[in-house]
1. Only residues that are surrounded by 18 or more Cβ atoms within 10 Å (Cβ to Cβ) and part of a helix (DSSP H, G or I): list them for the stretch 217-231, please.
2. What are the residues in the stretch 143-169 that are assigned to a strand (DSSP E or B) and either β-branched (Val, Ile, Thr) or within 30 Å of Asn240 (Cα to Cα) (or both), if any?
3. Among the residues of the stretch 135-177, write down those that are free of Cβ contacts under 8 Å to residues at least 40 places away in the same chain and charged (D, E, K, R).
4. Report, ordered by the first and then the second residue, all pairs with beta carbons closer than 6 Å, sequence separation of six or more or different chains, a first member in the stretch 61-84 that is more than 16 Å from Ile106 (Cβ to Cβ), and a second member that is in a loop (DSSP other than H, G, I, E, B).
5. Is it fair to say Ala101 is small (Gly, Ala, Ser), modelled with pLDDT under 95, over 11 Å from the mean Cα position of the chain (by Cα) and not assigned by TED's automatic domain parsing to the domain that holds Ile212?
6. Looking only at the stretch 242-260, which residues are aliphatic (A, V, I, L, M) and over 16 Å from Ser198 (Cα atoms)?
7. Out of Ser235, Ser198, I need the residue that is surrounded by 16 or more Cβ atoms within 10 Å (Cβ to Cβ), of a type in the set (Ser, Thr, Tyr) and under 20 Å from Ala167 (Cβ atoms). Which one?
8. Quick one: how many residues across the stretch 103-142 are surrounded by 14 or more Cβ atoms within 10 Å (Cβ to Cβ) and either part of a loop (DSSP other than H, G, I, E, B) or at positive phi (or both)?
Amino acid sequence: MANKTKLEMQELKDTQNEPDDREIPIDRVGVKALRYPLEIRDKANRAQSTVATVALAVDLPHHYKGTHMSRFVEVLNAHGPQLSVHDMSAIPGELLTRLEAEKAHIVIEFPFFLEKAAPETGAVGLMDYEVKFEIDASRDHTDFIVTVEVPVTTLCPCSKAISARGAHNQRGIVTYSVRFGEPIWIEDLVGLVESCASSELYRLLKRPDEKIVTERAFDNPVFVEDLVRNVAARSNAEENIQWYRVEAENFESIHNHNAYAMIEKPGS
């Protein structure tokens, strides 16, 4: 009692707990666009500090007028000044208890950085990749999906086949989502995608590196269809990957539109 404010000690009206006569449940209600510091451990066993954008939600039964928005922030803040992967896994269960809900949903998005050496000179630069963790939880089940957005280069096989000189190429984005059995490294997902393109991208390239990357892409042309099929084939060969969805979007260099393809593994 001593820690409560004078206002909290008064009988304040709890509008959220009032009944609602429309009898329509809400699938998800909560907060979005929360910015929060995050610590993520990379494959080199180093702690990488970044900033995440967080969304937290629960279901709301038809008989309640509203949810208690402040409790979402309280659950998040209870983990201290920096989230870890362990914290992320615990949050959905805490939301279920704190908000007396049956289902919880959290999304945590953040930039992840990899140090990459240029292929010829070894010049080092930091590449950034967007990563998303989505966790859905009920009282007896938890679903965890990891998504990485990987920029790549693709060179058009048709352009190469019909042109006397050169071929058009472009930068594209592969959005790769997976469910997995054992914990999986972000770096491994990025590497899988990059190996399926005409060439991976680099932050820093000197002229000898640019020559290598250009020729590598020319020697390995892929349509957007090839790209998603390559990723799907690699995923099918990985026993730890239980489900995946791979989307590729090429920012075409000779068209005023983008090329797109998607494959999703059935089930799960």
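The values are calculated or read from the model by the stated rules, or taken from the named source; none is laboratory data. These numbers were taken from a predicted model, which means no experiment stands behind them. Note that we place each Cβ from the backbone using ideal geometry, even for glycine, and neighbour counts take in every protein chain shown.
1. Result: Ala217, Val224, Asp226, Leu227, Val228, Asn230, Val231.
2. Residues of the stretch 143-169 that are assigned to a strand (DSSP E or B), as a first pass: 143-155, 169.
Passing the criteria: Asp143, Phe144, Ile145, Val146, Thr147, Val148, Glu149, Val150, Pro151, Val152, Thr153, Thr154.
3. Once the filter is applied, which keeps residues that are free of Cβ contacts under 8 Å to residues at least 40 places away in the same chain and charged (D, E, K, R), the stretch 135-177 yields Asp140, Asp143, Glu149, Arg165.
4. Sorted first by the residue in the stretch 61-84, then by its partner, the pairs are Pro61/Pro25; His62/Glu23; His62/Ile24; His62/Pro25; Lys65/Glu18; Lys65/Asp20.
5. Values: small (Gly, Ala, Ser): yes; modelled with pLDDT under 95: yes; over 11 Å from the mean Cα position of the chain (by Cα): yes; not assigned by TED's automatic domain parsing to the domain that holds Ile212: yes.
Spelling it out, Ala101 is indeed small (Gly, Ala, Ser), modelled with pLDDT under 95, over 11 Å from the mean Cα position of the chain (by Cα) and not assigned by TED's automatic domain parsing to the domain that holds Ile212.
6. Step one: list which residues in the stretch 242-260 are aliphatic (A, V, I, L, M), which gives 246, 248, 254, 259.
Passing the criteria: Val246, Ile254.
7. Numbers: Ser235 fails: under 20 Å from Ala167 (Cβ atoms).
Answer to the selection: Ser198.
8. 5
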